[in-house]
1. With 209, 241, 250 as the choices, which residue is within 18 Å of residue 92 (Cα to Cα) and not in a helix (DSSP H, G or I)?
2. Just wondering, is there one or more residues in the stretch 28-51 that are within 19 Å of the chain's Cα centre (by Cα), within 15 Å of the ligand (Cβ to nearest atom) and among the hydroxyl-bearing types (Ser, Thr, Tyr)?
3. If you check 53, 39, 27, 20, which single one turns out to be in the same structural domain as residue 79 (by TED's automatic domain parsing), of a type in the set (Gly, Ala, Ser) and surrounded by fewer than 16 Cβ atoms within 10 Å (Cβ to Cβ)?
4. On the given criteria, is residue 187 surrounded by 15 or more Cβ atoms within 10 Å (Cβ to Cβ) and of a type in the set (S, T, N, Q)?
5. Sort through 295, 347 and tell me the only one that's more than 19 Å from the chain's Cα centre (by Cα), under 23 Å from residue 10 (Cα atoms) and not hydrophobic (A, V, I, L, M, F, W, C).
6. What's the number of the condition residue 221 fails, among (1) of a type outside the set (Val, Ile, Thr); (2) within 15 Å of the ligand (Cβ to nearest atom); (3) part of a strand (DSSP E or B); (4) more than 27 Å from residue 90 (Cα to Cα)?
7. Which one of 73, 164 is more than 16 Å from the ligand (Cβ to nearest atom) and touching a Leu at 6+ places or on another chain (Cβ under 9 Å)?
8. For the stretch 244-257, enumerate the residues that are away from the ligand (no atom under 14 Å from the Cβ) and under 14 Å from the mean Cα position of the chain (by Cα).
Amino acid sequence: MTYSVTLIPGDGIGIEVSGAARRVLEATGVEFDWEIVEAGVTALEKHGDVLPAAVISSIRKNQVALKGPLTTPVGGGFRSVNVALRHELELFANLRPSRTYKGVQSRFDDVDLVVVRENMEDLYAGVEFEQGAADTGEIIAEINKRSEKPVSETAALSIKAITPENSRRIVRFAFDYARENDRKLVTSVHKANIMKYTDGLFLQVSQDVASEYPDIEFNDRIVDNMCMQLMQKPDQYDVLVMPNLYGDIVSDLTSGMIGGLGVAPSANIGEKGAVFEAIHGSAPTHAGKNVANPTAMILSGVMLLRHLREFEAAQAMDDAVAKVIADGKSVTYDLRKDRDQSKAAKTSEMADAIIAEIQK
Ligand code: NAD
């Protein structure tokens, strides 16, 4: 079987790291028919738009995409391609696994966590009212008529909307993910003690959904306490599910725990499509030098293979990455203790070493 997959090479180092991931994916023996479409600054220069319609239609058709990081053009007026992609394709779940690979320098040595973040609503949706604007004043006056807790007339507002539908969808996603991936525990993360209606609803829905999955353990944690516990006993946690803003923050925390940007993959998944990408950006200072670490992008490729249910190929690729990093001989400068560029492998050489390992 040949899989039709959309490939967005990306900007800056994106071109190098997505190229490396593509070669490693092909080395697994799984066959791909890549449909290459451009977004970001590359698309802006060629087609006058950071997100041409062809990108959305390609992902709609193929339902799976591998995406290199994109540069956000400097100067106002440009929509965020990542946010636009999530909304246009309704990619409601952001999946961020954080696992330590032996040989990567990090403060923790045995982390294996997955953050499942709701992508569509919450404070992060950006429904905001500017300080001093007429609309803002009208809304504040209306709130003050109806709420016992007054809002200052000088306030700016941000609206936190949490729905039962979107909460149920993301919590089910987390439980289904846990079941499919042989994980034992789902933790719902919230601040329901203070935000009783919004986070309280998220927690209530989490508890309801948990009762449908008796084979998976369930608990919940208040988000601040969750952060402390992740620092103190990360081994007690497994899959963490949470609303958008907490997910944005906690998933960076867990990525930091495993060594940061160079090794952290992700996926944005919806009912009709899935986009796999490294969490790092286009690192313009490294662009074109063949020095960027391709690991995060390659591990996003591992996630893509699992999504396609090519489990054997995914495992072979994951094992090969782990082996090359543990050996420490063919790794990019950022994975070396001395960070010596002259002794480090180039992006393409690290990919070659991973390919050689797969083919052993
Ligand atoms: P960045 O992730 O590109 O870089 C942050 C730091 O990490 C830099 O020092 C960079 O050199 C280093 N770094 C990142 N990835 C690396 C890798 N694979 N190997 C080695 N070092 C790596 O973040 P930034 O500098 O804030 O943003 C640069 C551009 O990327 C901006 O235009 C930003 O909008 C965009 N961006 C895009 C995405 C995305 O498309 N998903 C995500 C984040 C940032």
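The values are calculated or read from the model by the stated rules, or taken from the named source; none is laboratory data. Since the structure is predicted, the reported quantities are computational estimates derived from the model, not experimental observations. Positions of Cβ are backbone-derived with ideal geometry, glycine not excepted, and every protein chain shown enters the neighbour counts.
1. Details: 209 fails: not in a helix (DSSP H, G or I); 250 fails: not in a helix (DSSP H, G or I).
Every option except 241 fails the conditions.
2. no
3. Numbers: 39 fails: surrounded by fewer than 16 Cβ atoms within 10 Å (Cβ to Cβ); 27 fails: surrounded by fewer than 16 Cβ atoms within 10 Å (Cβ to Cβ); 20 fails: surrounded by fewer than 16 Cβ atoms within 10 Å (Cβ to Cβ).
Only one candidate passes the filter, namely 53.
4. Values: surrounded by 15 or more Cβ atoms within 10 Å (Cβ to Cβ): yes; of a type in the set (S, T, N, Q): yes.
Yes: the conditions hold for residue 187.
5. Working: 295 fails: more than 19 Å from the chain's Cα centre (by Cα).
When all the criteria are applied, what remains is 347.
6. (2)
7. Working: 73 fails: more than 16 Å from the ligand (Cβ to nearest atom).
Of 73, 164, the one residue that is more than 16 Å from the ligand (Cβ to nearest atom) and touching a Leu at 6+ places or on another chain (Cβ under 9 Å) is 164.
8. To start, the set of residues in the stretch 244-257 that are away from the ligand (no atom under 14 Å from the Cβ) comprises 244-247, 249-250, 253-254, 257.
Selection gives 244, 245, 246, 247, 249, 250, 253, 254.
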